[in-house]
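Below: one structure, written as structure tokens.
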Amino acid sequence: MNVWERDPNRVKCFFMDPSGDVHIETYRCTSYASKIKCEMSTYGGGHWAHLPFGIGKELDDKGHQVSAGYLTREKADSTYGLDKFPTECQCGYKFTDADEFGHRRIPIYQRRDDPSVRYTLQEAPDGAMYYATWYEKHRDWCGLDGHALMVKAPGGHDWHVDGRCSNCTRPEDKVHKCWCRHGDPETGDVTVNKVGDTCSAGAGSLLLKNWHGFLTSGWLHT
């Protein structure tokens, strides 16, 4: 055990790949147009409830991504069966025929070093690294390798390493990096610092409400 592993304040990073599987959830909700408010909603929205359905594939037989979201009543019945949808909101409101049906498909990732260990992005622990492929069409949101690296920092914060820090001193410059990363993310061995074309903000660390630290040689540390 090295000095890093003996320190409980340090977190070892690891890389995750998409597994090709998804968690499927069915849901019911009142429509946005109805402007109905639920007293138990944490975001001021309407009535909403979901149920786990099972594991499915992200792509269909033709290699196309299966869409998620709203379903007609007929499609909900033919795809899942109406009995697989929730019947009421946690507040006690019972859904009616006028309320919406839908499904969510949440990607499952697997550890590169042990593919049997799998997480959704929400479940992934501190130290998990993955590529945010949805950012990769924006060149200035990516590193020199063309990938947009995300790291789960302590507290479950998704750190977009190749993104822009809040106190950037060169906000109009799309070429420089506020955080300069080095190493191969796919091995988990990454260092983030200010060595490279960068601004003068900070010292390569990440400052959160409840954590302030660095990423060095594949370890998150204070």
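Throughout, read-outs are computed from the coordinates displayed, never taken from laboratory work. Source: prediction; values computed, not measured. In this analysis, Cβ positions are derived from the backbone assuming ideal geometry, glycine residues included, and neighbour counts consider all displayed protein chains.
Candidate cross-link partners of K37 among the lysines, defined by an alpha-carbon separation under 28 Å and a same-chain spacing of 8 or more, comprise K75, K84, K94.
Projecting the Cα atoms of L121, P171, G183 onto the charge dipole of the chain, computed from C-beta unit charges around the Cα centre, puts P171 farthest toward the positive end.
Can you find, among A201, Y109, G63, the residue sitting farthest towards the positive end of the charge dipole of the chain, where Lys and Arg contribute +1 and Asp and Glu -1 at Cβ? Of the options given, the answer is A201.
Placing a label point 7 Å from the Cα of H64 along the Cα-to-Cβ direction, the residues of the range 75-107 whose backbone N falls under 17 Å from that point are 75, 79. With n ≥ 4 as the cut-off for DSSP H runs, can you work out [θ] at 222 nm for the chain, using -39500 (n - 2.57) per run divided by the number of residues, rounded to the nearest 500? About -1000 deg cm²/dmol.
Suppose we look only past 22 Å in the calculated P(r) of the range 71-222. What percent of the Cα-Cα pairs does that tail hold? Could you put the intermediate results ahead of the total?
Working: 6094 of 11476 pairs.
When all Cα pairs of the range 71-222 are counted, 53 percent exceed 22 Å.
Between H138 and E172, how high is the FRET efficiency from 1/(1 + (r/R0)^6) when r is the Cβ-Cβ distance and R₀ = 22 Å? Nearest 0.05.
Working: r = 16 Å, r/R0 = 0.71.
Calculated value: 0.90.
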